[in-house]
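**Student:** I have a structure I would like to understand better, so I am pasting it below and will then ask my questions one at a time.
The values are calculated or read from the model by the stated rules, or taken from the named source; none is laboratory data. The model shown is predicted, which means the values in this text are computed figures rather than measured ones. A quick note on method: Cβ atoms are made from the backbone with ideal geometry, for glycine too, and the neighbour counts reach across all protein chains shown.
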Amino acid sequence: MGQEAFHQYYQDLYGDRWRELHAALISPVRCTVAVVNPFCRDHAWRSKVSGTASPEWDAILLPQIFSEVPFPAPSTFGLELYPYYLLDHASAIAALLLNLTPETLYADFCAAPGGKSLVALFKQQGPVAALLNEPSQDRCRRLKSNLSLYLPSNLMKDVTLTSYDGRRFGLHRPDSFDTILLDVPCSSERHVLLDQNELAHWKPKRSKLLGELQFSLLCSAFSALKKNGQILYSTCALAPQENEKQIERLLKKRPGQVEVISHPLLEKYFEKRPYGYLALPDQQGMGPLFCCLLKKN
């Protein structure tokens, strides 16, 4: 139990790679992506952050500002809406896998703080019927506040916020959604390493316990998904037990009903895992983030 057990557990999983991966995890985040808010029409804010960042990372589909130095926390800069959203660029890539249209019925089962859904809505740049669920009522209130800083009122009216147990959607809303984001609660090892109290109380069974919650959420999302719909399953965990092992469990439980699908962005920026893709800070310079796109047959 504690720090020694933590290091032994991940040493067993990652072998010789663990030393460099551990060093990357405890280092400051190397770079961030500012995803430009297309609903903020006034670009005067750019002059206030000039010299901080450079538009080098333009390989994906939204205006981005890529920075290896601290980027200013977003504010309105005197404007009606915040002009950009900051997040790790692995998360930005994940959000771009969500292809939303005006006809899409979209759900995010574990939505707070809302970054991935916001970026997906930025990409669409128009109305989407979206259900954003956050089980914690306090976090749901913060989610609502966060969304209002970025989305105009005419788009907010198409967003429904709920605070339910995501494990119940499959029962109460079967075959309902075209696209589901399932960014599940996970071990968040980077945060554990940076919190000495959490590290001191870490136990090897943590991944197993979280894995049961994750699989319940995944089964619920699958039941709530329409035929030919897609789930994006994601975690910021390192342990395969929380990542590809959960996908493997679903494939075994629903043989022939679900398939793992690829995406050029995942192929380019992430490393392949048995079921899904993983970005880690030691080699990809971003993350940790595991992603798997699933299609319901």
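**Student:** Among Leu61, Leu86, which is the only one that is touching a Ser or Thr at 6+ places or on another chain (Cβ under 6 Å), of a type in the set (A, V, I, L, M), modelled with pLDDT under 95 and within 30 Å of Ala44 (Cα to Cα)?
**Tutor:** Matching residue, one of Leu61, Leu86: Leu86.
**Student:** Might you let me know whether segment 201-214 holds any residue that is surrounded by 18 or more Cβ atoms within 10 Å (Cβ to Cβ) and within 25 Å of Ala130 (Cα to Cα)?
**Tutor:** There is at least one residue in segment 201-214 that is surrounded by 18 or more Cβ atoms within 10 Å (Cβ to Cβ) and within 25 Å of Ala130 (Cα to Cα).
**Student:** Kindly list, by first and then second residue, each pair from a residue in segment 4-26 that is without any contact (Cβ under 8 Å) to a residue 24 or more places away in the chain to a residue that is of a type in the set (S, T, N, Q), limited to pairs with Cβ atoms under 7 Å and residues at least 6 apart or on different chains.
**Tutor:** Final answer for the pair search is Trp18/Gln11.
**Student:** If you don't mind, there's one more thing I want to ask. Is it true that Lys144 is free of Cβ contacts under 8 Å to residues at least 24 places away in the same chain and of a type outside the set (S, T, N, Q)?
**Tutor:** In short, yes.
**Student:** Still on this structure: For segment 225-239, which residues satisfy the criterion of being under 22 Å from Lys208 (Cβ atoms) and among the β-branched types (Val, Ile, Thr)?
**Tutor:** Thr235 - this is the single residue of segment 225-239 that is under 22 Å from Lys208 (Cβ atoms) and among the β-branched types (Val, Ile, Thr).
**Student:** Shifting gears a bit: Does Tyr277 meet the test of being within 20 Å of Arg168 (Cα to Cα), surrounded by 23 or more Cβ atoms within 10 Å (Cβ to Cβ) and of a type in the set (Ser, Thr, Tyr)? It would help to see each step written out before you state the result.
**Tutor:** On the way: within 20 Å of Arg168 (Cα to Cα): no; surrounded by 23 or more Cβ atoms within 10 Å (Cβ to Cβ): yes; of a type in the set (Ser, Thr, Tyr): yes.
No; evaluated as a whole, the condition is false for this residue.
**Student:** I would also like to ask the following. If you go through segment 222-254 one residue at a time, how many are closer than 20 Å to Ser187 by Cβ and either out of contact with any Phe, Trp or Tyr (no Cβ under 6 Å at 6 or more places or on another chain) or of a type outside the set (D, E, K, R) (or both)?
**Tutor:** So the count comes out to 16.
**Student:** Filter segment 226-247 for residues that are within 20 Å of Ile261 (Cβ to Cβ) and in a loop (DSSP other than H, G, I, E, B) and give the result.
**Tutor:** Asn243
**Student:** If I ask for residues that are among the hydrophobic types (A, V, I, L, M, F, W, C) and either at pLDDT 95 or above or touching a Leu at 6+ places or on another chain (Cβ under 6 Å) (or both), which ones from segment 172-194 would you list?
**Tutor:** Residues satisfying the conditions are Phe177, Ile180, Leu181, Leu182, Val184, Cys186, Val192, Leu193.
**Student:** Tell me, which helices (runs of 4 or more DSSP H) lie completely within segment 110-225 with 1 or more residues that are among the polar types (S, T, N, Q), over 21 Å from Pro83 (Cβ atoms) and more than 16 Å from the chain's Cα centre (by Cα)?
**Tutor:** Working: elements: 115-124, 137-148, 153-156, 169-172, 189-193, 196-200, 206-224.
Output list reads 137-148, 196-200, 206-224.
**Student:** Condition check: at pLDDT below 95, surrounded by 18 or more Cβ atoms within 10 Å (Cβ to Cβ) and touching a helix residue (DSSP H, G or I) at 6+ places or on another chain (Cβ under 7 Å). Does Leu96 satisfy that?
**Tutor:** On the way: at pLDDT below 95: yes; surrounded by 18 or more Cβ atoms within 10 Å (Cβ to Cβ): yes; touching a helix residue (DSSP H, G or I) at 6+ places or on another chain (Cβ under 7 Å): yes.
Yes, satisfied.
**Student:** So, one more: For the list (1) at pLDDT below 95; (2) under 25 Å from Ala107 (Cα atoms), I need the number of the one condition that Ser207 fails.
**Tutor:** (2)
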